[in-house]
Amino acid sequence: MLSLVLVMCWANVAFAQDGSFTASVDQNKIGVGEQFQVTFTIAGGSVNGSTNFRPPDFSPLLVVSGPNTSQSFQIINGQMSGSIVYSYVLYARATGKFAIGPASIDNRGKAVKTEPIQIEVVQGKPKPAQQQAAAPDAASMADNVFIKATSDKQRVRVGEQLTVTYKIYTRVSISGFDLAKAPTFEGFWSEDFEQPHTPQLTTEVVNGKQYRAAIIKKTALFATQAGNLKIAPIEVRCAVQVQSQRKSKDPFDTFFNDPFFQQMQTVNVDFKSNPLAVAVEPLPAIVPAGFAGAVGKYSFSAMVDKNNLRAGDPITLRVTVTGIGNVKLVSLPKPNLPADIEAYEPKISEDITRDGGIIKGKKSAEYLMIPRNAGVRTIEPMTFSYYDLEKNQFLTSRSPKFEFTITPGREFAVGSGVPSKEDVRLLGDDIRFLKLSMGKLERVTESPFSSPWFGAGMVVPPILFVGAFIYRKRREKIYGDMPRLMFEKAGKEASKRLKAAKDLLAKGNTEHYHAEISKALMGY
């Protein structure tokens with residue numbers, strides 16, 4: 001209670017007397033690649049607490065951390081005074097002599113600046129004038145701060161979800177943390193759960209000691225291969241507040257030697273979590289037709305918007321898979337269409353949710369189809385198979401058989417508004433604006449029949465017509481044989497994704513590299 005009263009009183013009377021504004025470094029000679037700390041201290045009473053502090057330009061040095069702010073107060077002979085400290089951790093990239101310019105504040109309408117500081121950066125590690133206490137590292141602070149990785153499952157099937165949670169445990173003050181190195185999930189497809197900007201702190205007891213704990217990362221993993229898979233550790237850089245290793249020049253701190261009055265400093269320490277191992281069992285070797293790697297709990301449906309129409313009118317076919325599992329990697333069944341029903345590329349849509357730590361959602365494909373001839377056409381049932389983890393067996397769903405009664409119609413059905421791709425191109429060529437003037441006339445000096453362009457115009461169109469006829473017949477034959485079409489497209493699709501995976505690997509992006517490999521295998 002007394003401390004609270006003192007703090008409230010200091011907030012009102014701080015800097016009532018004249019004070020000082022100084023800059024200092026923990027060492028003037030440093031080695032290339034080393035870090036050092038620059039501190040700006042506002043002490044006394046002539047400077048108001050809202051000082052509008054403006055740091056100097058630290059270039060060509062790099063700022064690793066800062067500004068880290070701390071405040072303190074003291075009472076000497078009944079007089080109360082306080083101080084505000086702004087500290088930065090800098091990094092030297094090249095040798096040479098550098099000057100850290102002055103910082104400035106506003107005091108009673110006037111700008112107050114610190115003196116510049118000269119530093120020297122040398123090659124190698126300089127020998128200090130006197131041995132200093134070693135800076136804290138992860139090993140020395142392992143009893144106070146550590147990162148723990150846990151998995152909700154140690155044994156899963158290929159394609160089954162497991163959730164890995166990374167927690168930070170601390171018994172000291174941490175002003176912030178950043179992900180220094182993301183974990184690698186080789187052999188897994190990963191989906192991150194969104195975490196709040198401000199972690200929720202809980203109290204946990206580990207080995208008889210009480211810690212404050214917070215979740216810093218939570219990821220759902222889906223194994224894409226069988227075997228004993230390793231999950232590499234995560235590395236987190238924490239800004240830990242510790243007592244300053246430098247001796248204070250303030251006689252007040254020296255006299256009392258009390259940690260409450262000692263100056264605190266913030267240091268960056270890298271912590272690494274424990275690795276994990278997961279045993280992944282393969283799926284049964286005998287799989288049903290229509291299985292493309294879906295594991296979990298799914299439902300499958302297909303529907304069309306009409307069954308009776310005229311030639312040239314559009315039909316919409318919607319194929320949907322809904323359920324729990326890695327919905328993004330689910331391959332939707334493709335319809336086997338008659339040769340004279342033209343289909344555009346499907347519109348794929350996904351709706352993924354991560355509620356309750358479970359990945360689930362819906363994936364749909366919408367096909368726009370146009371029949372060209374009258375008659376009765378049929379789309380055979382499509383099958384979708386998946387491995388049910390609860391029943392430990394493959395289950396297969398089948399869509400209904402769709403029959404269409406198509407009556408004769410013009411090539412441009414009235415009101416349809418959906419011409420073919422070829423029709424759209426022809427419309428752009430057929431429409432011409434009316435000319436309101438005759439234009440410039442020129443005398444023809446030679447017969448147009450003797451021009452080489454005339455001969456080419458007589459020969460090229462028949463060749464193009466024959467080529468277009470052969471191309472259309474071949475296309476109808478291919479689309480009439482879906483297994484052959486799938487065989488021809490599978491290699492091209494896999495080659496394209498493998499090339500993209502090669503580019504990702506060259507860039508060092510291993511996480512998306514393995515995801516691209518998984519897509520290539522699933523797609524093939």
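Miscellaneous remarks
- Cβ-Cβ under 9 Å pairs, at least 6 apart or on other chains, region 193-211 side more than 17 Å from residue 166 (Cα to Cα), far side assigned to a loop (DSSP other than H, G, I, E, B) and of a type in the set (Lys, Arg): 209/171; 210/171
- Candidates 27, 37: the one that is at pLDDT below 80 and either surrounded by 13 or more Cβ atoms within 10 Å (Cβ to Cβ) or not aliphatic (A, V, I, L, M) (or both) is 27.
- Selection within region 182-201 - within 14 Å of the chain's Cα centre (by Cα) and of a type in the set (D, E, K, R): 191, 192, 194
- Here region 470-512 is the region considered, the condition is being surrounded by 14 or more Cβ atoms within 10 Å (Cβ to Cβ) and hydroxyl-bearing (Ser, Thr, Tyr), and the residue that is modelled with the lowest pLDDT is 479.
To keep it simple, each residue is scored yes or no on (1) open to solvent by 40 Å² or more (accessible area, probe 1.4 Å); (2) in contact with a His (Cβ under 6 Å, 6 or more places away or on another chain); (3) not in a strand (DSSP E or B).
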{"residue": "168", "(1), (2), (3)": "no, no, no"}
{"residue": "175", "(1), (2), (3)": "yes, no, no"}
{"residue": "183", "(1), (2), (3)": "no, no, yes"}
{"residue": "191", "(1), (2), (3)": "no, no, no"}
{"residue": "197", "(1), (2), (3)": "yes, no, yes"}
{"residue": "210", "(1), (2), (3)": "yes, no, no"}
{"residue": "214", "(1), (2), (3)": "no, no, no"}
{"residue": "218", "(1), (2), (3)": "yes, no, no"}
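- Per the listing 380, 350, the residue uniquely closer than 30 Å to residue 514 by Cβ, surrounded by fewer than 15 Cβ atoms within 10 Å (Cβ to Cβ) and not polar (S, T, N, Q) is 350.
- Some residue of region 320-327 being hydrophobic (A, V, I, L, M, F, W, C) and open to solvent by less than 30 Å² (accessible area, probe 1.4 Å): yes
- Taken over region 220-235, residues that are part of a strand (DSSP E or B) and in contact with a helix residue (DSSP H, G or I) (Cβ under 8 Å, 6 or more places away or on another chain) amount to 2.
- Leading residue by the ranking (farthest from residue 158 (Cα to Cα)) among those in region 269-319 that are open to solvent by 50 Å² or more (accessible area, probe 1.4 Å), more than 33 Å from the chain's Cα centre (by Cα) and small (Gly, Ala, Ser): 289
- Extreme residue, surrounded by the fewest Cβ atoms within 10 Å (Cβ to Cβ), among residues of region 383-410 that are out of contact with any strand residue (DSSP E or B) (no Cβ under 6 Å at 6 or more places or on another chain) and outside any strand (DSSP E or B): 390
Residues checked against (1) farther than 18 Å from residue 146 by Cβ; (2) modelled with pLDDT under 90:
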| position | (1), (2) |
| --- | --- |
| 181 | no, yes |
| 187 | yes, yes |
| 196 | yes, yes |
| 208 | no, yes |
| 212 | no, yes |
| 226 | yes, no |
| 232 | no, yes |
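- For region 353-377, a residue qualifies if it is touching a Gly at 6+ places or on another chain (Cβ under 9 Å), open to solvent by 40 Å² or more (accessible area, probe 1.4 Å) and more than 16 Å from residue 297 (Cα to Cα), and the qualifying residues are 372, 374.
- Taken across region 439-450, residues that are in contact with a Pro (Cβ under 8 Å, 6 or more places away or on another chain), in a loop (DSSP other than H, G, I, E, B) and either modelled with pLDDT of 60 or more or not hydrophobic (A, V, I, L, M, F, W, C) (or both) do not occur at all.
The values are calculated or read from the model by the stated rules, or taken from the named source; none is laboratory data. Everything numeric here is computed off the predicted structure, so don't read it as measured data. In this analysis, Cβ positions are derived from the backbone assuming ideal geometry, glycine residues included, and neighbour counts consider all displayed protein chains. Please note that ligands, DNA and RNA were not included when accessible areas were found on the heavy atoms of the full protein model with its side chains. Shrake-Rupley method; radii C 1.70, N 1.55, O 1.52, S 1.80 Å.
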